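Student: Sending over a structure as structure tokens; questions will come in a sec.
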Amino acid sequence: MTDEEYLNRLNKIEIYSEILLGVLRYIPVRNYKDNNDYKQVLNKNLKFENDDGHLRLRACIDLIEDSQTAISEFNKNGLATKSENLPEMYLRLYGVLNAVYLQKQSIIELIELFKIPNKRKIIAEFQVLKIIELRNKIGAHTLNYKEEIQSKTSRIEYYRLTQSTISKWGNGLVLVSNYDKIYNYDLKTLINEFTGYVEFYLDSISGKALKSLFPNESEGGIWMMNRLNFVRNKKTNKDLVFIKKSAQKKS
């Protein structure tokens, strides 16, 4: 199997994860005295502030990969594998919502590690995504969700998920609050939107890491850059629409 054939079998988030794992693998570490000194030299060369930065990076990579397996499973089979079995759909719904949340947290941690500009703005972008709102309302704070009413006031709401609206693809989920407010969600559409943000910022993180840490054409740097170019060349019309919308938000 050629490298191109192998990469074609991966989704973009899996390829970005390989690139970031390559950063750990190929960053040069020389002239260290012992294991503690190795960690210090490693993190200094990675331009991380703390001696555990490499462990935080590896934890983020693993979490992104693991949560992506859950999201990919949803994209393949939805909330039910064979029939619309209600217990399974509940289990998968809670699972994929928390996979999304964990992936968001990993991206924010990577943004901090690699000092990507505008961290607060990026966090705010993720926080207002409808999929994060849905996760918080039914997957974390169902009985004590703080809703902002005006700029300086808030109130506690609680919710119930209308059972009859749960379906294989979650394309008509309805939540009802204690104030009789009704909220509608299209799960698959919201997850696709979220994935667009994850891919966008993984590209920014990977690009900065390679430019900053591998300025010369080392073997490892070339290996990672080939992967970055490959995934960038795989952009679809959906990606281009997302990038355009993101640029409009930033302007």
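Student: Taking the Cβ of N171 as the center, what net charge do the other residues with Cβ under 11 Å away carry, scoring Lys and Arg +1 and Asp and Glu -1?
Tutor: Net local charge, N171 excluded: +1.
Student: If you add up the charges near F230, with Lys and Arg at +1 and Asp and Glu at -1, over every other residue whose beta carbon is less than 10 angstrom from its beta carbon, what do you get?
Tutor: Working: positive: K12, R227, R232, K234; negative: D3, E4.
Here the charged neighbours net out to +2.
Student: Sticking with this one: In what sequence, highest mean first, do 182-191, 83-92 appear when ranked by Cβ atoms within 10 angstrom?
Tutor: Peptide ranking by packing, descending: 182-191, 83-92.
Student: Quick one: which residues, 5+ away or cross-chain, put their amide H under 5 Å from the amide H of W169? H built at 1.01 Å from N.
Tutor: Counting only residues 5 or more places away or on other chains, the set is L79.
Student: Can you work out ³J(HN,Hα) from phi for every residue in region 45-50, in order, using Karplus 6.51 cos²θ - 1.76 cosθ + 1.60 and θ = phi - 60°, giving whole Hz and x for Gly and Pro?
Tutor: Going residue by residue, I get 5, 7, 6, 8, 7, 10 Hz, with x marking Gly and Pro.
Student: While we're here: For the ranges 101-111, 1-11, what's the packing order if you count other beta-carbon atoms within 10 Å of each residue, average per peptide, and put the highest first? Intermediate values should be presented prior to the final figure.
Tutor: On the way: 101-111: 19.9, 1-11: 11.1.
Order by mean packing, descending: 101-111, 1-11.
Student: Taking just the alpha-carbon atoms of region 43-169, what radius of gyration and Dmax come out, in angstrom?
Tutor: 17.7, 55
Student: Go through region 198-214 residue by residue and turn each phi into a ³J(HN,Hα) via Karplus (6.51, -1.76, 1.60, θ = phi - 60°); whole Hz please, and just put x for glycine and proline.
Tutor: Once θ is set to phi - 60°, the couplings for region 198-214 become 4, 4, 4, 7, 5, 5, 4, 5, 4, x, 5, 4, 5, 5, 7, 9, 10 Hz.
Student: K47: net charge of surrounding residues, Cβ under 15 Å, Lys/Arg +1, Asp/Glu -1, itself excluded? Could you put the intermediate results ahead of the total?
Tutor: Details: positive: K39, K44, R56, K115, K208, K211; negative: E49, D51, D52, E112.
That sum, taken over residues with Cβ under 15 Å, equals +2.
None of the figures in this text is laboratory data; all of them are computed from the coordinates on show. All values derive from a computational prediction rather than experimental measurement. In this analysis, Cβ positions are derived from the backbone assuming ideal geometry, glycine residues included, and neighbour counts consider all displayed protein chains.
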